[in-house]
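Asks: Sharing a structure with you now.
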Amino acid sequence: MSRKGFIFDLDGVIVDTARYHYQAWRKLADTLGISFNETDNEHLKGVSRVRSLEKILDWGNVSLTQERFDELLNKKNNDYLSYIANMDEEEILPDVPRVLSYLKQNKQPIALGSASKNAKTILKEVGLLNVFDTIVDGTNVTKAKPNPEVFLIAARQLNVRPEDCIVFEDAVAGIKAANTAGMTSIGIGDPSVLSEAMYVFKDFTEIPTEFFAKLISE
Ligand code: B16
Ligand code: MG
């Protein structure tokens, strides 16, 4: 048995903020006359804010001055912040508290590994800011997922080897990042979308406690 590190993505794993990102991106796309649906949004999950706007502009074949780009990005974030302003613990996804308490009771190091620059605001709103041993978010990384930087920093801060880390992710880009880091990747969502993950569960209600016990004892 070696010391393990459990790393959680935020949007789509701990809380369902993906729908708020979707609303904000959709509003921006409408402004530019670019069509944008939920399938398109799937490609933005786990992707940084700047890279997300670049992708939307590519899809619509639209180019912007740097000034307009920054202005729209700012507007998107303000819209997003207004949507998440009233979040509370009700928006924590099912069984996340059970999993976090089990890992804490068993003295397992836990980290947040998110691309979001709004991660701490969200954790505070839902009452989980003090649960993690370390928080690595969009303000700490220079390379966005699928680059493994965010998870490698989290492993280093937990003082756990990457091969002993287990990552929970809802995004294709995040699963790729975990795999590249040499970590155990666990997809939370649709198995056909997250086919590169080592294990996939629809949500945490589907993961029995024994599964965590086995990961800890391996
Ligand atoms: P922000 P995660 C990611 O968070 C989201 O999945 C992605 O849709 C978003 O664009 C990105 O954070 C940046 O978020 O605009 O709040 O800085 O899934 O890595 O927790
Ligand atoms: Mg996510």
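The values are calculated or read from the model by the stated rules, or taken from the named source; none is laboratory data. All values reported here derive from a predicted model rather than from experimental measurement. Using ideal geometry, Cβ is built from the backbone for each residue, glycine included, and neighbour counts are taken over all protein chains shown.
Asks: What about D133, is it touching a Lys or Arg at 6+ places or on another chain (Cβ under 8 Å), at pLDDT 95 or above and either of a type in the set (D, E) or under 18 Å from R3 (Cα atoms) (or both)?
Replies: Here the answer is no, as D133 does not meet what is asked.
Asks: Within region 76-88, is there a residue that is part of a loop (DSSP other than H, G, I, E, B), modelled with pLDDT under 95 and within 11 Å of ligand 1 (Cβ to nearest atom)?
Replies: No: zero hits.
Asks: Pairs needed: first member in region 153-167, at pLDDT below 95; second member anywhere, in a helix (DSSP H, G or I); C-beta distance under 8 Å; at least 6 residues apart or different chains.
Replies: none
Asks: Here's something else I'd like to know. Of the conditions (1) outside the structural domain of D203 (by TED's automatic domain parsing); (2) more than 16 Å from ligand 2 (Cβ to nearest atom); (3) not hydroxyl-bearing (S, T, Y), V47 clears all except one; give me its number.
Replies: (2)
Asks: Now for a separate question. Filter region 47-67 down to the residues that are surrounded by 13 or more Cβ atoms within 10 Å (Cβ to Cβ) and of a type in the set (S, T, Y) and list them by number.
Replies: Those that are surrounded by 13 or more Cβ atoms within 10 Å (Cβ to Cβ) and of a type in the set (S, T, Y): S48, S52.
Asks: Oh, and also: Within the set of pairs 6+ apart or on separate chains, which have a first residue in region 119-132 that is without any contact (Cβ under 8 Å) to a residue 12 or more places away in the chain and outside the structural domain of D9 (by TED's automatic domain parsing), a second that is hydrophobic (A, V, I, L, M, F, W, C) and part of a helix (DSSP H, G or I), and C-beta atoms under 9 Å apart?
Replies: Here the result reads none, with nothing in region 119-132 linked to a residue that is hydrophobic (A, V, I, L, M, F, W, C) and part of a helix (DSSP H, G or I).
Asks: Take the residues in region 102-111 that are touching a residue at least 24 places away in the same chain (Cβ under 8 Å) and not in a helix (DSSP H, G or I), then tell me which one is surrounded by the most Cβ atoms within 10 Å (Cβ to Cβ).
Replies: Looking at residues that are touching a residue at least 24 places away in the same chain (Cβ under 8 Å) and not in a helix (DSSP H, G or I), I get A111.
Asks: Of the conditions (1) out of contact with any Phe, Trp or Tyr (no Cβ under 9 Å at 6 or more places or on another chain); (2) closer than 23 Å to D203 by Cα, L81 clears all except one; give me its number.
Replies: Result: L81 fails condition (2) only.
Asks: Answer yes if at least one residue in region 205-214 is among the hydrophobic types (A, V, I, L, M, F, W, C) and surrounded by fewer than 18 Cβ atoms within 10 Å (Cβ to Cβ), and no otherwise.
Replies: Yes, because at least one residue in region 205-214 is among the hydrophobic types (A, V, I, L, M, F, W, C) and surrounded by fewer than 18 Cβ atoms within 10 Å (Cβ to Cβ).
Asks: Moving on. In this structure, is S114 within 16 Å of ligand 2 (Cβ to nearest atom), of a type in the set (S, T, Y) and touching a residue at least 60 places away in the same chain (Cβ under 8 Å)?
Replies: In short, yes.
Asks: How many residues does region 21-46 contain that are closer than 30 Å to F212 by Cβ and either in contact with a Leu (Cβ under 8 Å, 6 or more places away or on another chain) or buried (at least 22 other Cβ atoms within 10 Å of the Cβ) (or both)?
Replies: Residues in region 21-46 being closer than 30 Å to F212 by Cβ and either in contact with a Leu (Cβ under 8 Å, 6 or more places away or on another chain) or buried (at least 22 other Cβ atoms within 10 Å of the Cβ) (or both): 3 in total.
Asks: Something else: For region 13-37, how many residues are within 14 Å of ligand 1 (Cβ to nearest atom) and farther than 15 Å from Y80 by Cα?
Replies: 3
Asks: Does any residue in region 56-67 that is in the same structural domain as G33 (by TED's automatic domain parsing) come within less than 8 Å, Cβ to Cβ, of a residue that is assigned to a helix (DSSP H, G or I) and polar (S, T, N, Q) six or more places away or on a different chain, and which pairs are these?
Replies: The qualifying pairs do not exist here.
Asks: Any idea which of (1) touching a helix residue (DSSP H, G or I) at 6+ places or on another chain (Cβ under 9 Å); (2) over 16 Å from G46 (Cβ atoms); (3) within 16 Å of ligand 2 (Cβ to nearest atom) is the one L123 doesn't satisfy?
Replies: Only one criterion in (1) touching a helix residue (DSSP H, G or I) at 6+ places or on another chain (Cβ under 9 Å); (2) over 16 Å from G46 (Cβ atoms); (3) within 16 Å of ligand 2 (Cβ to nearest atom) is unmet by L123, namely (1).
Asks: Can you pull out every residue in region 165-190 that is surrounded by fewer than 19 Cβ atoms within 10 Å (Cβ to Cβ) and more than 16 Å from ligand 2 (Cβ to nearest atom)?
Replies: T180, G182
Asks: Checking E89 against (1) more than 21 Å from F211 (Cα to Cα); (2) touching a strand residue (DSSP E or B) at 6+ places or on another chain (Cβ under 9 Å): exactly one of these is not met. Which one?
Replies: (2)
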